4 protein chains.
Amino acid sequence: MGMVGGGKDAFIGAIHRIAANMDGLIELSCGALSIHPEIAKESAEMLFLPKDRTYLSYEEMISNESKMPADKRIDFITIVTPNFAHFGPAMMALENGFNVVVEKPMTFTLEEAKALQKKVDETGLQLCLTHTYSGYPMIKQARDMVQSGVLGKPRKIVVEYLQGWLSKLSEREGNKGAAWRTDPSKSGKAGCMGDIGTHAAHLAEYVSGLKITQLCANLNVVVPGRMLDDDGNVLLRFENDVNGVLVASQIAAGEENNLKLKIYGEKGGIEWAQQEPNTLLVKWLDEPAQILRAGSNYPGILSKAAIDNCRTPGGHPEGYLEAFGNIYKNFAHTLMAKLEGKTATKEMLDFPKVDEGVRGMAFIENVVASSQSNEKWINFKV
Amino acid sequence: MGMVGGGKDAFIGAIHRIAANMDGLIELSCGALSIHPEIAKESAEMLFLPKDRTYLSYEEMISNESKMPADKRIDFITIVTPNFAHFGPAMMALENGFNVVVEKPMTFTLEEAKALQKKVDETGLQLCLTHTYSGYPMIKQARDMVQSGVLGKPRKIVVEYLQGWLSKLSEREGNKGAAWRTDPSKSGKAGCMGDIGTHAAHLAEYVSGLKITQLCANLNVVVPGRMLDDDGNVLLRFENDVNGVLVASQIAAGEENNLKLKIYGEKGGIEWAQQEPNTLLVKWLDEPAQILRAGSNYPGILSKAAIDNCRTPGGHPEGYLEAFGNIYKNFAHTLMAKLEGKTATKEMLDFPKVDEGVRGMAFIENVVASSQSNEKWINFKV
Amino acid sequence: MGMVGGGKDAFIGAIHRIAANMDGLIELSCGALSIHPEIAKESAEMLFLPKDRTYLSYEEMISNESKMPADKRIDFITIVTPNFAHFGPAMMALENGFNVVVEKPMTFTLEEAKALQKKVDETGLQLCLTHTYSGYPMIKQARDMVQSGVLGKPRKIVVEYLQGWLSKLSEREGNKGAAWRTDPSKSGKAGCMGDIGTHAAHLAEYVSGLKITQLCANLNVVVPGRMLDDDGNVLLRFENDVNGVLVASQIAAGEENNLKLKIYGEKGGIEWAQQEPNTLLVKWLDEPAQILRAGSNYPGILSKAAIDNCRTPGGHPEGYLEAFGNIYKNFAHTLMAKLEGKTATKEMLDFPKVDEGVRGMAFIENVVASSQSNEKWINFKV
Amino acid sequence: MGMVGGGKDAFIGAIHRIAANMDGLIELSCGALSIHPEIAKESAEMLFLPKDRTYLSYEEMISNESKMPADKRIDFITIVTPNFAHFGPAMMALENGFNVVVEKPMTFTLEEAKALQKKVDETGLQLCLTHTYSGYPMIKQARDMVQSGVLGKPRKIVVEYLQGWLSKLSEREGNKGAAWRTDPSKSGKAGCMGDIGTHAAHLAEYVSGLKITQLCANLNVVVPGRMLDDDGNVLLRFENDVNGVLVASQIAAGEENNLKLKIYGEKGGIEWAQQEPNTLLVKWLDEPAQILRAGSNYPGILSKAAIDNCRTPGGHPEGYLEAFGNIYKNFAHTLMAKLEGKTATKEMLDFPKVDEGVRGMAFIENVVASSQSNEKWINFKV
């Protein structure tokens, strides 16, 4: 693995390294860790990277690595830069035969996303999008229960993603993460909806297996002086006559990272909360609700995917890093299968891909368009 | 107190009697408990009502009682019939000098609601609307915290009211409560939105002290064959630039009576859930969240109203019946003050009134109109 | 009903009145509400008692009432005085043909308890002990599940009752409730163990259906200057080789009224917490835990007693007052059956009785003896 | 790092590797992964260990590694064998200059533990005991709050560790983990008390900073046919007049890994539950309880140790593996400081050590002795 971005003090870069490293399948071999040469070098040193694989730009990295012998060069690059700087290294990597892991939202514009999609289709390479929350075992369980029909035909989806960390104008107070996320030239057309709304929308589609077909959005700039939405509420319509609501906010003072999903079917519903991710509440129409727990031993109840994506037995909580690790683990197994000339299984291929990246960018386009429109419903265009 | 409706087997009538009775201030003295004479008589007997005050119609009851001497006749009537049968007895009671307690939604149409409002204004009598949930002590505490400004200027309101009991076409399977609630000729223009959406909207306005100014609604008939909405999602705009969402559903399979309210201000937020009503979660921007508990002894923290509406010390849970009892208790104290020639205090007057009934009916009108419209936002008209 | 004790400002007297009143079966007809004549009179007036049935002593009350015609005189007396003043009125009531409701612990000494037991046996009158917590519907459900064997043979019982209100020497700071509870001349041999330990022990025996056979107690006076135990831990052995632990404390700072019961059998266990009493958690060896909720509609799952002791449907929380009301309701139905010459059903008779009062007093004797002993286990003597 | 035990299919070995690997500070370089040569080799291959550092016994490993040049040989060995096989490799490692990480309980007997302690003292090497639960950030926070005195003088400690996985005689049904844990020749004098009771006792002492001075134990063999205790309850006395209770069970059917700690002081208390480890509930005598969350930003509230032992911001849950990783991380930093000639800081040295291992073995000795004794209290002897 080679990393683009993620120099010291970058939150998400460190997370990617722990996650990639978790199962002993992936090694960080090189990096272009910062656009500031000094930081790039220092960070590489702290990570024990060899000098000759410490790069000062992604172009240098991809170009150099592509000249190395197959058994020495990296298999994929991981891109953990701000949104506007995803497309360049991703496209160049694909063009040079490298697989890609990239942070969400996948690109800066929908057009870029489609271009990546085209390139992935052409090359047959893998692009993995780190919609971390889909890596949780109980999210897999929820998906498998909803899609298997045990809850009956789905009817309603409520997804809520509430944070409070942008309650003040932190972008003016030296908070770097806040600064680029609220800057349209770095973040893209949307702020909150791009940063966390896309996670919520992805999770709703991932678990339900249903695509959003129409939406009606109300995006808000709540904190005066901010340049992008920091809050929003969206009415949703999904395939198969399922209705829904998506609420996302970064000004919900006192909330940490409160992502909750509820899906109701004819016979029952599921409820999941990211902050206590090892529990899946399953509610039933005329029976007591059940508490399903990751790693537990319930013969015949937990799905294969739920079991495969656990490392510990019930009661030994796994968390965000393990969910992230699952994305990397499945991606790595997919690459390994290819290297060994095998066909990747459905389980290996269970990570978010370029098509989901395109839908994420389309989600941003559509909610922004809807919010600016006087029309009630707009069709979800990709 | 005289009761209209509420014969044996009627759920809400029994609830009203326990609630009214709870604090030893109110006595059931007469009733027109059913339109079926046999049931009316049997029910009255079970409640130990005297024969001469067992009535077969509300007209008979009001007419008879109004002829009794002041110290013997009832002070108010309580109306617990289906929606379409609220207006008649309420108007006749007011016209004959009786105060009124009436179930929500207040009437069948907005016009009826306005007529009652006019009559209340003319007569100076009290009309109390049983929006039970506003009777909970921790709702009073939430209101007092939000409105006092300790959480900063309000920014966002999320209210959710989820039930699952109409997941099937129960109205065709002998469920009487389901039958009239889903019948437009008995329930009114809305089903779910009238039955529980009005509670959610009331609670949001009651706690925030802010009125809904615009909304964008999506009402759904989810169960095939049903005649009224059984589910809906509404984008809200309140006064003072506060945005919000209201979700109400009676097809959320597995949910009981899951009413939740979250309000976020600049500095913190409150979260309350009806099913565990003695707890108010208070979240803060840069401090640990606090768990406020009804009846507890926190010098300087619980508001006077929160304290006054508790009967037991912390850790001795009060519930739905006590919240209901608080509505009656405050109403009774208001009437007693009047009888004693005193001015009712703010605390006594803390029960939902005719104006809130009018807003509730307007809410129904507006969400139905919005749901049928292609316009995004409609102004909340009363 | 006639009440002994419970004048204005007495916490538990007011609770008894609400509870007795809840279901419209019982009326407060007379009272000897205080040993202070002025308070007795004032309190009676506030409760609308007639002057001629406002008594200044229990002796006067019992003597007068027993001379009244059968259709006018009270059916039972309720004793809500401090522990040391239970026996006198209880015995005199029984001797004069009145049934009795009495607060726990039943008496001041075990001898008194046995004397009452003897008198109850002789007279065939009912004595009801207000172990409130056994009135909760989900406690009935727990009992019925444990005793029906669906959880397999019981193996282990953990009961914990934690309060914090005696963390300071409040008895010296004008807290009347604290004053008599910590005074051996009013409370009896034990403080915390008498006040709340007896509740915990009763609940464990009530739900499991198993009697404590041996115990090993460690009682502590944690707050310097206090005269009775304010904290204690007890190892328990029950019939049928079941082991257990009882923890009770009134110096657990920050706890309100935190009574929790866990019972484990071969196949699963139950967990119940008084502060959220409408939920019963049922855990299973190889299946997901279930959340049983009071009032909910699970065909075949909630027991008859659990259903009978609810007033509201699932999601409309009932609380402490309703649990208390259940004790009175079942007691009242038992008396009514007798008056009507019928046999009381098992359901009517489901309230704590004199035998449980004797066991409670024996519990106090035994834990105090054990705590003072160097022997490890002492046999539970009655 | 070289590993002794932990071949494929061994649960705890895999956990150790992920934990050691988590922060990129430690590399698995060699192993004697099984006493079965085939499994040892296969497991080593799966972990990409070089052939020449794949050993068939710990003796071979230690002997070989000690002959390698300082910059190539391992810094420490990790012992993840069953209890009876801890002492041999630990002692040999220390004698050959290697630091040691060892699973708890530290040894098979107290004598062995003392011998290791002596050797550690002589050599100045580090021995790290993996009492994982002390690695959680909110446990550090609890410790720092209790020991700093903000909760007032400690008064009472309640620790409970409930599992259900030994509810059946699983040791006879092919469960290897059950087999050695219930076999006195492999596990030692105690079963449940050694396996999880020691964790509970360690956590109580670690957080309170107080040592157990006396105890009164009741160990039970609940499942017929089992050779060691599978359940137990212990009354505790700590230094400074603090009383406590420890409950441990492996037959609490339906429990996963339910470790809970409550400590009460004069002014407030803490409550922590391992299954939701990112939350610390802090209760106060006359103020609302607070919810402290790992990783959150509360200026001045979270302690340095709580912050240092987090990798993610609030709301991104960390779990068991991260707590385990913290033990390894602090241990690694301690070794690195030494290598660099620096003095390890208090924060680096925050991992369980040989003295705690000795106390753990003494705990086993003492509870077993107490359980067999008729004396009530026995002094905690080391």
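The values are calculated or read from the model by the stated rules, or taken from the named source; none is laboratory data. Note that the coordinates shown come from a computational prediction; the quantities given were computed from them, not determined experimentally. When we count neighbours, we look across all protein chains shown, and the Cβ atoms used for this are built from the backbone with ideal geometry, even at glycine. Surface areas here come from the heavy atoms of the whole protein model, side chains and all, with no ligands, DNA or RNA. Shrake-Rupley method; radii C 1.70, N 1.55, O 1.52, S 1.80 Å.
For B:ARG172, the distances from its label point to the matching points in the remaining copies are 5.6, 6.1, 7.5 nm, ordered from shortest, with each point set 7 Å beyond Cα toward Cβ.
With a ≥ b ≥ c taken as the square roots of the eigenvalues of the C-alpha gyration tensor of the stretch C:47-92, please select rounded if a/c is under 1.5 and otherwise prolate if a/b is larger than b/c or oblate if it is not? Since a/c reaches 1.5 and a/b is larger than b/c, the shape of the stretch C:47-92 is classed as prolate. Annotation: amide H-H contacts under 5 Å for A:ILE79 (H modelled 1.01 Å from N, sequence separation of 5 or more, or interchain): A:VAL4, A:VAL101, A:VAL102, A:GLU103.
Name the shape class, rounded, prolate or oblate, that the alpha-carbon gyration tensor gives for the protein assembly as shown, where a ≥ b ≥ c are the square roots of its eigenvalues, rounded holds for a/c under 1.5, and otherwise prolate holds if a/b is larger than b/c and oblate otherwise. Judged from the Cα gyration tensor, the protein assembly as shown comes out oblate (a/c at least 1.5, b/c at or above a/b).
Within the straight-line cut-off of under 19 Å between alpha carbons, the lysines reachable from D:LYS67 are D:LYS51, sequence neighbours fewer than 8 places apart in one chain being disregarded.
Classify the stretch A:96-188: rounded, prolate or oblate, from the alpha-carbon gyration tensor (a ≥ b ≥ c, eigenvalue square roots; a/c under 1.5 rounded; otherwise prolate if a/b is larger than b/c)?
On the way: a/c = 2.44, a/b = 1.16, b/c = 2.10.
Cα axes put the stretch A:96-188 in the oblate bin.
Seen from every direction in turn and averaged, the convex hull around the alpha carbons of the stretch A:273-340 projects onto 5.9 nm². Here the calculated FRET efficiency for D:THR345 and D:GLU95, from their Cβ-Cβ distance with R0 = 25 Å, stands at 0.35, rounded to the nearest 0.05. Annotation for the stretch B:57-80 versus the stretch D:125-185: alpha-carbon center distance of 68 Å. Among residues of chain D, the one whose Cβ lies closest to the rotation axis carrying chain D onto chain C, together with that distance rounded to whole Å, is D:LYS376, 2. Using θ = phi - 60° in the Karplus curve 6.51 cos²θ - 1.76 cosθ + 1.60, the 3J(HN,Hα) couplings for the stretch D:101-113 round to 10, 9, 5, 9, x, 4, 9, 8, 9, 5, 4, 4, 4 Hz; x is entered for Gly and Pro. Note on chain D: GNM, Cα springs under 10 Å; of D:ALA44, D:ALA19, D:ALA337, the largest mean-square fluctuation is that of D:ALA337. Distance from the Cα centroid of the stretch D:235-304 to that of the stretch D:305-374 is 18 Å (rounded to whole angstrom).
Work out the mean other chain Cβ neighbour count within 10 Å for the residues of C:204-217 and drop it here as an integer. Before the final figure, lay out the partial values.
Details: counts 0, 0, 0, 0, 0, 0, 0, 0, 0, 0, 1, 0, 6, 3.
The mean count of partner-chain Cβ atoms within 10 Å per residue comes to 1.
Here is how the number arises for chain C: DSSP H runs of 4 or more residues each give -39500 (n - 2.57), the sum is divided by the residue count, and the result at 222 nm is -10500 deg cm²/dmol. For the residues of D:219-227, the average number of beta carbons from a partner chain within 10 Å of their own beta carbon is 2. Comparing the full protein assembly with the isolated chain, the residues of the stretch B:22-37 losing at least 30 square angstrom of accessible surface (1.4 Å probe) are B:MET22. Using the alpha-carbon positions of chain C, Rg (one decimal) and Dmax (whole number) come out as 20.5, 65 Å.
Principal axis extents of the C-alpha atoms in the stretch D:197-348 (largest first, rounded to whole Å): 52, 46, 35.
Give A:LYS283/C:LYS153; D:LYS168/D:LYS381; C:LYS114/C:LYS376 a once-over and call out the pairs whose C-alpha atoms are over 31 Å from each other. Please report the intermediate quantities before stating the final value.
Numbers: A:LYS283/C:LYS153 29 Å; D:LYS168/D:LYS381 34 Å; C:LYS114/C:LYS376 27 Å.
Pairs exceeding the cut-off: D:LYS168/D:LYS381.
Mean per-residue shielding of peptide D:263-269 is 6, counting Cβ atoms of other chains within 10 Å of each Cβ. GNM on chain C, alpha-carbon springs under 10 angstrom: the most fluctuating residue among C:PHE84, C:PHE11, C:PHE324 is C:PHE11.
Bridgeable aspartates and glutamates around A:LYS353 (alpha carbons under 16 Å apart, same-chain partners fewer than 8 residues away excluded): A:GLU103, A:GLU112, A:ASP121, A:GLU122, A:GLU205. Sorting the Cα pairs of the stretch C:38-124 by distance into bins of 10 Å, from 0 upward, gives 16, 47, 30, 7 percent per bin. Size descriptors for the stretch C:108-151 (Cα atoms only): Rg and Dmax, in that order, 15.2, 39 Å. On the beta carbon distance between C:LYS118 and D:LYS304, with R0 = 41 Å, the FRET formula returns roughly 0.05. With its label point defined 7 Å out from Cα along the Cα-to-Cβ axis, C:GLU27 lies at 0.7, 9.0, 9.0 nm from the matching points of the other copies, in increasing order.
In this structure the amide hydrogen of A:THR213, modeled in the peptide plane, comes within under 5 Å of the amide hydrogens of A:ARG237, A:PHE238, A:GLU239, none closer than 5 places in sequence on its chain. Phi angles across the stretch A:10-21 convert, under the Karplus curve 6.51 cos²θ - 1.76 cosθ + 1.60 with θ = phi - 60°, into 3J(HN,Hα) values of 7, 4, 6, x, 4, 4, 4, 5, 4, 5, 5, 7 Hz, Gly and Pro given as x.
Under a Gaussian network description of chain A, with springs only between Cα atoms under 10 Å, the residue in A:ASP286, A:ASP241, A:ASP308 that fluctuates furthest is A:ASP286. In this assembly of identical copies, the label point of C:PRO69 (Cα plus 7 Å along Cα-to-Cβ) is separated from its counterparts by 2.4, 11.5, 11.6 nm, sorted shortest first. Select from the stretch D:135-156 all residues whose loss of accessible area on going from the chain by itself to the full protein assembly reaches 20 Å² or more (probe 1.4 Å). Listed in order, they are D:ARG155, D:LYS156. The phi-based Karplus calculation (6.51 cos²θ - 1.76 cosθ + 1.60; θ = phi - 60°) puts the 3J(HN,Hα) values of the stretch C:244-261 at x, 9, 10, 10, 9, 8, 10, 10, 7, 3, x, 7, 8, 8, 8, 9, 10, 10 Hz, whole numbers, x for Gly and Pro.
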